[in-house]
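To start, the structure under review is shown below, and the notes come after it.
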Amino acid sequence: MIYLPSAKLELDEIVDYISIELKAPEAALDFIDAVDDMAHKLSDMPYRHPIYHSRFRSDSEVRFVPVRNYNVFYKVDEEHKTVEIHRIIYQRRDTKQL
């Protein structure tokens, strides 16, 4: 499993928001654990979650899995037998704009 820089940045921003703005550092740590747990499960069964249908073409399928109030977008790299976490986006955000 690989977190791309965009996903790492978004995870950091989410954790900062939960920890600082919401003043809930324990909840921030729980969120990190939930994302990591989901990512490890993806290593075993990466195709169990639905494909995200975008208006843009992609060379490979983008899938997503909900984790609390966020969607984690990922791709399966068959050649290298890895899962790449691409984005972590708040569920109420308009993903068509991204």
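Being surrounded by fewer than 11 Cβ atoms within 10 Å (Cβ to Cβ) and touching a strand residue (DSSP E or B) at 6+ places or on another chain (Cβ under 8 Å): is that true of PRO50 here? Yes: the conditions hold for PRO50.
Entry remark, the stretch 17-29: residues being surrounded by 12 or more Cβ atoms within 10 Å (Cβ to Cβ), out of contact with any helix residue (DSSP H, G or I) (no Cβ under 6 Å at 6 or more places or on another chain) and of a type outside the set (A, V, I, L, M) number 1 in total. Looking only at residues of the stretch 53-76 that are under 15 Å from ILE14 (Cβ atoms) and of a type in the set (S, T, N, Q), we find that the one that is surrounded by the fewest Cβ atoms within 10 Å (Cβ to Cβ) is ASN69. Selection within the stretch 30-47: residues that are more than 14 Å from TYR3 (Cα to Cα) and either of a type in the set (Asp, Glu) or in contact with a Lys or Arg (Cβ under 8 Å, 6 or more places away or on another chain) (or both). The member of this set that is surrounded by the most Cβ atoms within 10 Å (Cβ to Cβ) is PHE31. For the stretch 77-94, the set of residues classified as among the charged types (D, E, K, R) and surrounded by 13 or more Cβ atoms within 10 Å (Cβ to Cβ) consists of ASP77, GLU84, ARG87, listed by residue number.
Within the set VAL76, VAL83, VAL35, VAL72, the sole residue that is outside any loop (DSSP other than H, G, I, E, B) and in contact with a helix residue (DSSP H, G or I) (Cβ under 6 Å, 6 or more places away or on another chain) turns out to be VAL83.
Conditions tested, residue by residue: (1) at pLDDT 90 or above; (2) touching a His at 6+ places or on another chain (Cβ under 9 Å); (3) of a type in the set (S, T, N, Q).
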site	(1), (2), (3)
GLU21	yes, no, no
ASP33	yes, no, no
SER54	no, no, yes
VAL62	yes, yes, no
ARG68	yes, no, no
TYR90	yes, no, no
ASP94	no, no, no
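The values are calculated or read from the model by the stated rules, or taken from the named source; none is laboratory data. The structure displayed is predicted, hence computed values, not measured ones. No Cβ is skipped: glycine too gets one built from the backbone with ideal geometry, and neighbour counts run over all protein chains shown.
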